[in-house]
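Peer 1: Before I ask anything, let me first share the structure, which is written out below as structure tokens.
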Amino acid sequence: MAESKGLFSRLKQALTKTRDNFSQRVEELISYYREIDDEFFEELTDLLIAADVGVSTSLKIIEELKAKVKAQKIGDPEKVKGLLREIIIELLGDEPVGLDQHSGPQILLVVGVNGVGKTTAIGKLANKYTREGKKVLLAAADTFRAAAAEQLAVWAQRAGVSLIRHQEGADPAAVVYDALEAAKARGTELLIIDTAGRLHNKKNLMEELRKINRVIERGYPEADYTAYLVLDATTGQNAVQQAKVFSEVAKLDGIILTKLDGSARGGVVLAIRSELGLPVCFVGVGEGIDDLQPFDPRGFAEALF
């Protein structure tokens, strides 16, 4: 109970900028209007769009809100806040989503463009699951970027886990193959694979990911296989565009959203869920090694207000 309280307070702290950007403006809007009319809904739509919820998702939320207001015969703008919170929870899905639902060996493939905090997120996940008693192994399959394996090696050392790596420019699929063999031989419970983050040549990325997928599916079919995309919360709608591109080249199971604490654009969580149907599984709420936490949809909606 104390831990979940601590997680909530950190999430609340991380959402300070988003809350200042969104919740305070909602309060101002509510105090300004005496009744709920079309103009009120229009202004609320603009507020959602400004918080990076995205146009289509904002319109969807407002339609839902109008329907609830009409059905419940609500005239007082003050009651809109509670309805908005309800709609956000419904949109996000009430249950936290993570890697903890699976037993047996797991493989986590992590994708994302350079600079979003992908390698750092992998290091923090390795630390989290090692502390929870899992046997974790890392694979440096980003052989394209010179510093990628070195950076991952630093995180592996911090988390106290082993790392499988080849020299720069090696075939990423070969690294994955060796990592799978090592995972099986060592009885690893969680293998986390880092991948190259270049988007400028989508065709290369697509081929590389297809090859890695084939190696995993053939090499370790009995393992549970999950793919997460890492996005930077501070990039707002640009993160949604990245997610769209990656979902074209890889079968994604969820999102890791980094730098939520540095962003006023936390509304992008709603856009990702609504437009791509992908759950946000982890959020970065600080710089520390234990500041990547499982995403709690209800906690997010509460902290937003």
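Peer 1: State yes or no: is Leu252 assigned to a loop (DSSP other than H, G, I, E, B), outside the structural domain of Gly54 (by TED's automatic domain parsing) and over 14 Å from Gly115 (Cβ atoms)?
Peer 2: When the stated conditions are applied, Leu252 passes them.
Peer 1: Here's something else I'd like to know. Of all the residues that make up the range 30-80, how many are of a type in the set (Ser, Thr, Tyr), over 22 Å from Thr235 (Cα atoms) and at pLDDT 90 or above?
Peer 2: Step one: filter the range 30-80 for residues of a type in the set (Ser, Thr, Tyr), giving 31-33, 45, 56-58.
Filter once more, so that each one left must be over 22 Å from Thr235 (Cα atoms): 31-33.
Still in the running and at pLDDT 90 or above: none.
Summing the residues that are of a type in the set (Ser, Thr, Tyr), over 22 Å from Thr235 (Cα atoms) and at pLDDT 90 or above in the range 30-80 gives 0.
Peer 1: Looking at the range 210-228, which of its residues are among the polar types (S, T, N, Q) and either in contact with an Asp or Glu (Cβ under 7 Å, 6 or more places away or on another chain) or not assigned by TED's automatic domain parsing to the domain that holds Gly197 (or both)? Break it down stepwise before answering.
Peer 2: Here is the first cut: in the range 210-228, the ones among the polar types (S, T, N, Q) are 213, 226.
The answer is Thr226, and nothing else.
Peer 1: crowded, with 22+ Cβ neighbours inside 10 Å and at pLDDT 85 or above, is that true of Phe300? First the steps, then the outcome.
Peer 2: Details: crowded, with 22+ Cβ neighbours inside 10 Å: yes; at pLDDT 85 or above: no.
Against the criterion (crowded, with 22+ Cβ neighbours inside 10 Å and at pLDDT 85 or above), Phe300 does not qualify.
Peer 1: Looking at Val110, Val176 in this structure, which one is assigned by TED's automatic domain parsing to the domain that holds Lys244, at pLDDT 95 or above and under 17 Å from the mean Cα position of the chain (by Cα)?
Peer 2: Val110
Peer 1: May I ask you to list the residues in the range 210-246 that are farther than 30 Å from Asp261 by Cβ and either part of a helix (DSSP H, G or I) or of a type in the set (Val, Ile, Thr) (or both)?
Peer 2: If the condition is that a residue be farther than 30 Å from Asp261 by Cβ and either part of a helix (DSSP H, G or I) or of a type in the set (Val, Ile, Thr) (or both), then Arg210, Lys211, Ile212, Asn213, Arg214, Val215, Ile216, Glu217, Arg218, Gly219 are the ones that fit.
Peer 1: Let me ask you something else. Quick test for you: out of Glu217, Glu207, Glu222, pick the one residue that is modelled with pLDDT under 90 and surrounded by fewer than 20 Cβ atoms within 10 Å (Cβ to Cβ). Steps first, answer last, please.
Peer 2: On the way: Glu217 fails: modelled with pLDDT under 90; Glu222 fails: modelled with pLDDT under 90.
Result of the check over Glu217, Glu207, Glu222: Glu207.
Peer 1: Only one of (1) at pLDDT below 90; (2) touching a Phe, Trp or Tyr at 6+ places or on another chain (Cβ under 6 Å) fails for Val136. Which number is that?
Peer 2: Checking Val136 against (1) at pLDDT below 90; (2) touching a Phe, Trp or Tyr at 6+ places or on another chain (Cβ under 6 Å), the one that fails is (1).
Peer 1: Restricting the range 246-274 to residues that are charged (D, E, K, R) and within 14 Å of the chain's Cα centre (by Cα), which is modelled with the lowest pLDDT?
Peer 2: Checking each candidate, the answer is Arg265.
Peer 1: Further, regarding this structure: Being under 17 Å from the mean Cα position of the chain (by Cα) and not in a helix (DSSP H, G or I) is the filter here; which residues of the range 290-305 pass it?
Peer 2: Within the range 290-305, Asp290, Asp291, Leu292, Gln293, Pro294, Phe295, Asp296 meet the criteria.
To keep it simple, each residue is scored yes or no on (1) out of contact with any strand residue (DSSP E or B) (no Cβ under 9 Å at 6 or more places or on another chain); (2) without any contact (Cβ under 8 Å) to a residue 40 or more places away in the chain; (3) hydrophobic (A, V, I, L, M, F, W, C).
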position: Leu231; (1), (2), (3): no, no, yes
position: Gln237; (1), (2), (3): yes, no, no
position: Gln241; (1), (2), (3): yes, yes, no
position: Ser274; (1), (2), (3): yes, no, no
position: Gly277; (1), (2), (3): yes, yes, no
position: Val285; (1), (2), (3): no, no, yes
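The values are calculated or read from the model by the stated rules, or taken from the named source; none is laboratory data. Computed from a prediction, not measured in an experiment: that's the story for all the values here. Glycine also receives a Cβ, built like all others from the backbone with ideal geometry; neighbour counts cover every protein chain displayed.
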